[in-house]
Amino acid sequence: MSKVAWIRIAIVAGGIGLLEVACRSGLVPPTMVIAPSLMVSAMAGLLASGDLAPDIAQTFSSVGIAIVLSIVGGFTIGFGLHWFPPLRRAFDPFLAAYYAIPHFAFYPLLIVIFGLGSLPLIVLATLFAMVAMIVATLAGLDRIPRVLLKTAQVHRLSPFEEMWRIRLPAAGPHLFSGIKLAVAYSFIGVIAGEFILSTMGVGHEIAYAYDNFDNPRMYGLILFVLAVVTAFNMLVYAYERHLAKRRGA
Amino acid sequence: MAEPAVSLVRSAPMDQPVHARLADVTRVYPARAGQPAVHALGPLSMELRSGEFFSVVGPSGCGKSTLLDVLAGLALPSEGAVEFEGKPVQGMVPDGVGVVFQEDASFPWLTVEDNVAFGLRRSGVAAGETRRRVDFAVDFMGLRDFRRAYPSQLSGGMRQRVCIARTLVLQPRLILLDEPFGALDQQTRLLMGDELLRLWRETSATVLLITHALDEANLLSDRIGVMSARPGRFIDIVETGWPHDRDSRLAERADFGAVTSRLWSLLRTESMRAMGQGARAK
Amino acid sequence: MISLRSFRDPILVVLSLVAMWQVLHQLAGDSALTAPAPTLAHLWQMVWQPRFLPHLRETALAFGQALLIACVGGVAIGVLLGGHRLSGEVAEPLLVGLYSIPKITLYPVILLLFGLGMPAKVAFGALHGIIPVVLFTMNAVRNVNRTYLRAGRAMRLTPWQTGWFVLVPATLPEIFSGLRIGFSLTLLGTMLGELFASQRGLGFLLMTAIDLHDVKTILAIAIFISIFAVTLNSVMLAVDRRLRRRTAHDPGSRP
């Protein structure tokens with residue numbers, strides 16, 4: 001591992017160590033933050049007991065569906081907008097301003113429209129993540145070097161072949177960064193939604209534990225969510241680097 | 001592949017049949033939001049003779065690349081006619097025409113091998129024949145040790161060789177090159193020039209090269225078209241009369257410099273005009 | 001260079017959104033989604049009520065402070081990390097990781113650390129906004145064209161002159177993009193913070209409306225915040241584009 005990675009690990013470990021000492025010595029009261037080691041054991045206990053299973057299933061299945069829908073839908077819409085410039089010009093300001101809107105404010109409406117359960121969360125997370133994919137798709141298709149398109153002309157490729165063999169591979173890196181964002185935003189959308197207005201799911205459990213002053217449970221849950229999301233994002237990131245290494249980008 | 005021709009006699013391009021022709025071609029880029037129309041090229045006429053090596057030189061922005069685009073069928077002329085092998089060229093690249101661009105057109109997501117094989121695989125050539133031709137082109141362009149490398153791992157010169165190899169496998173009868181060595185240093189350019197001549201002789205193709213380097217045009221060509229500043233037209237076409245089996249050592253000849261001087265004396269005023277034209281033409 | 005025509009398409013989009021809204025209302029009924037006209041009328045009324053102003057002020061205060069911390073702190077940290085290569089390299093994946101997690105999960109921690117009320121809101125808002133500002137600033141500083149700096153040295157500029165006349169203009173477009181995104185995220189974070197931690201503010205009003213199932217008010221407040229956010233974002237976007245146009249030679253191109 002590189003020197004940089006070691007430094008990073010050292011800093012993170014150091015921070016955790018400091019926190020551990022601060023908590024154990026009473027400098028930081030357990031009503032505020034509990035020691036990291038206790039967080040880990042709380043998390044382990046929760047997972048082992050299995051009573052978190054339905055919430056985990058609920059949350060992660062919602063996230064999974066949102067990821068798939070936002071990537072597929074986002075790519076399709078981005079592709080369509082690229083194909084029809086007038087449509088794209090009309091939506092450009094909307095796309096640019098999309099992430100300025102506080103989406104969570106519309107959560108309660110989704111519940112009222114779609115009822116309780118995971119559907120409004122999936123809709124919300126999908127809508128939240130989709131635009132990132134749309135923007136990335138447009139950026140990727142825009143930035144194809146003109147010389148590659150001329151090469152397609154020289155080889156007399158059909159429109160389909162040009163799309164499949166040149167445009168899509170050339171847009172690849174941008175598409176992948178869109179996928180990364182869609183994954184991250186799907187997690188954020190579902191969990192934030194559960195936190196604010198839900199009766200099930202890991203996000204809800206965190207809020208519930210907070211309300212009940214159950215710090216160990218709360219921190220165990222928070223650690224679990226952060227660990228899973230970070231691990232997942234890191235996997236996606238590592239895969240992207242693997243792909244990029246071949247292209248030397 | 002035809003027998004390489006060795007000739008000590010002055011080659012006579014004007015005796016050959018016409019391979020491609022431009023007749024009173026103009027190209028005007030229409031006005032767009034906030035920008036006036038740009039009369040980029042013409043009216044310009046030229047005849048490319050079969051098997052000749054023709055260079056086009058001219059000041060920046062004079063429309064050299066536009067000329068190539070129109071000739072290749074990559075762009076439609078606003079006026080005039082384009083013909084290749086007797087048939088009109090209408091906005092589509094005809095079979096038998098190969099193009100090497102100024103920018104790196106190698107596909108970063110494919111290996112050198114797959115890049116070179118790309119065109120063959122798309123045109124349904126049998127796998128055995130494809131492999132044969134790819135092997136030949138890869139060897140010919142000195143890429144054998146890099147077959148499985150990705151373009152990003154190669155230098156600029158190597159990448160251009162990949163693009164040339166990719167064009168070569170399709171056995172084009174007319175090869176168009178748009179400042180292919182623009183990004184390379186002088187020594188590499190001279191070597192690549194020799195390779196281009198070798199290619200030309202081995203394939204007996206007609207070659208049109210666009211370059212801004214006068215001595216390069218001088219060295220490589222049978223004829224050189226000198227273009228004016230925008231809108232580009234031919235001021236003159238200079239015949240070099242060099243032997244067919246030439247290479248970079250041609251520059252040692254006493255009469256070599258005279259041709260370069262002739263080109264510059266034609267171009268000097270045009271270049272100053274082009275500099276005054278200022279903003280980027282594209 | 002803003003022609004009236006460039007407003008045509010966005011206006012069409014807004015109109016079609018309102019139309020969609022009306023249709024959804026017809027399908028879903030008043031208890032789910034109130035119609036555009038009454039909602040907007042309600043919003044207009046609400047804004048002029050005397051009891052609205054203190055809530056608006058509370059949110060504005062929280063947002064303003066969070067924004068200040070996010071922007072000033074973000075740029076400062078970003079400059080430091082961008083200038084010192086090793087620190088930047090070490091910090092970047094950590095920051096990107098922080099950006100990608102659902103920060104709402106840290107909300108209870110913030111509440112425990114800062115207690116209920118203004119500090120928690122400001123902290124949460126600043127937390128959201130500071131990360132993109134740092135990342136963009138760091139990137140801008142790291143990628144300053146070395147040639148500019150060499151030209152500066154060749155002209156014997158003092159460090160101060162180099163900083164002000166070369167570094168600032170060179171990094172400004174990208175830093176500004178970071179600030180624009182930081183703005184939106186800070187607003188988001190502040191509003192989220194207000195949902196639970198406060199007895200005042202727009203977030204609190206929203207939460208009350210949610211508890212009372214007052215769909216009209218929920219919508220009205222959401223629209224109000226959205227209009228504010230979108231308008232300011234569009235203005236900043238226009239500035240952003242203008243800044244970029246001056247500096248970029250765009251090699252990529254649309255066919």
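Limited to region B:133-165, what total is found for residues that are within 18 Å of the chain's Cα centre (by Cα) and within 14 Å of chain A (Cβ to nearest Cβ)?
Result for region B:133-165: 8.
In region B:86-132, which residues are part of a loop (DSSP other than H, G, I, E, B) and charged (D, E, K, R)? Break it down stepwise before answering.
Here is the first cut: in region B:86-132, the ones part of a loop (DSSP other than H, G, I, E, B) are B:86, B:89-96, B:101-111, B:123-126.
B:Asp95, B:Glu103, B:Asp104, listed by residue number.
Could you please find all residues in region B:168-214 being β-branched (Val, Ile, Thr) and either over 13 Å from B:Val99 (Cα atoms) or under 12 Å from the mean Cα position of the chain (by Cα) (or both)?
First pass over region B:168-214, keeping only residues β-branched (Val, Ile, Thr): B:169, B:175, B:188, B:203, B:206-207, B:210-211.
Those that are β-branched (Val, Ile, Thr) and either over 13 Å from B:Val99 (Cα atoms) or under 12 Å from the mean Cα position of the chain (by Cα) (or both): B:Ile175, B:Thr188, B:Thr203, B:Thr206, B:Val207, B:Ile210, B:Thr211.
Would you be able to say whether some residue in region C:209-217 is within 16 Å of the chain's Cα centre (by Cα), within 13 Å of chain A (Cβ to nearest Cβ) and either surrounded by fewer than 16 Cβ atoms within 10 Å (Cβ to Cβ) or within 26 Å of C:Val109 (Cα to Cα) (or both)?
The answer is no; no qualifying residue exists.
Do you know which of the residues in region A:28-41 that are within 14 Å of another protein chain (Cβ to nearest Cβ) and touching a residue at least 40 places away in the same chain (Cβ under 8 Å) is nearest to the chain's Cα centre (by Cα)?
A:Met39
Could you grab me the full set of residues in region A:70-95 that are among the aliphatic types (A, V, I, L, M) and either surrounded by fewer than 20 Cβ atoms within 10 Å (Cβ to Cβ) or not assigned by TED's automatic domain parsing to the domain that holds A:Ala132 (or both)?
A:Val72, A:Ile77, A:Leu87, A:Ala90, A:Leu95
Checking the conditions here, which among C:Val230, C:Val215, C:Val168, C:Val239 is among the β-branched types (Val, Ile, Thr) and closer than 18 Å to C:Leu67 by Cα?
Sole residue among the options that is among the β-branched types (Val, Ile, Thr) and closer than 18 Å to C:Leu67 by Cα: C:Val230.
State all residues of region C:75-109 that are in a helix (DSSP H, G or I), among the hydrophobic types (A, V, I, L, M, F, W, C) and facing chain A (nearest Cβ under 9 Å); if no residue qualifies, say none.
Across region C:75-109, the qualifying residues are C:Leu86, C:Val90, C:Ala91, C:Leu94, C:Val96, C:Ile104, C:Leu106, C:Val109.
Return yes when B:Arg198 is more than 12 Å from chain A (Cβ to nearest Cβ) and part of a helix (DSSP H, G or I) and no when it is not.
Numbers: more than 12 Å from chain A (Cβ to nearest Cβ): yes; part of a helix (DSSP H, G or I): yes.
For B:Arg198, the condition - more than 12 Å from chain A (Cβ to nearest Cβ) and part of a helix (DSSP H, G or I) - is met.
Could you please give the count of residues in region A:84-94 that are under 14 Å from A:Val135 (Cβ atoms) and either facing chain C (nearest Cβ under 7 Å) or modelled with pLDDT under 85 (or both)?
Selection size over region A:84-94: 4.
For (1) crowded, with 21+ Cβ neighbours inside 10 Å; (2) farther than 30 Å from B:Arg131 by Cα, each residue gets a yes or a no:
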{"residue": "B:Thr203", "(1), (2)": "no, no"}
{"residue": "B:Pro231", "(1), (2)": "no, yes"}
{"residue": "B:Val259", "(1), (2)": "yes, yes"}
{"residue": "B:Gln277", "(1), (2)": "no, yes"}
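Going through C:Leu237, C:Leu195, C:Leu172, C:Leu243 one at a time, which residue ends up being in contact (Cβ under 8 Å) with a residue 40 or more places away in the chain and within 11 Å of another protein chain (Cβ to nearest Cβ)?
Result: C:Leu237 is the single residue among C:Leu237, C:Leu195, C:Leu172, C:Leu243 that is in contact (Cβ under 8 Å) with a residue 40 or more places away in the chain and within 11 Å of another protein chain (Cβ to nearest Cβ).
Of all residues in region A:95-132, how many are farther than 25 Å from A:Lys180 by Cβ and within 8 Å of chain C (Cβ to nearest Cβ)?
Total meeting the criteria: 5.
The values are calculated or read from the model by the stated rules, or taken from the named source; none is laboratory data. Computed from a predicted structure; not experimentally measured. Here the Cβ is made from the backbone with ideal geometry for all residues, glycine too, and neighbour counts use every protein chain on show.
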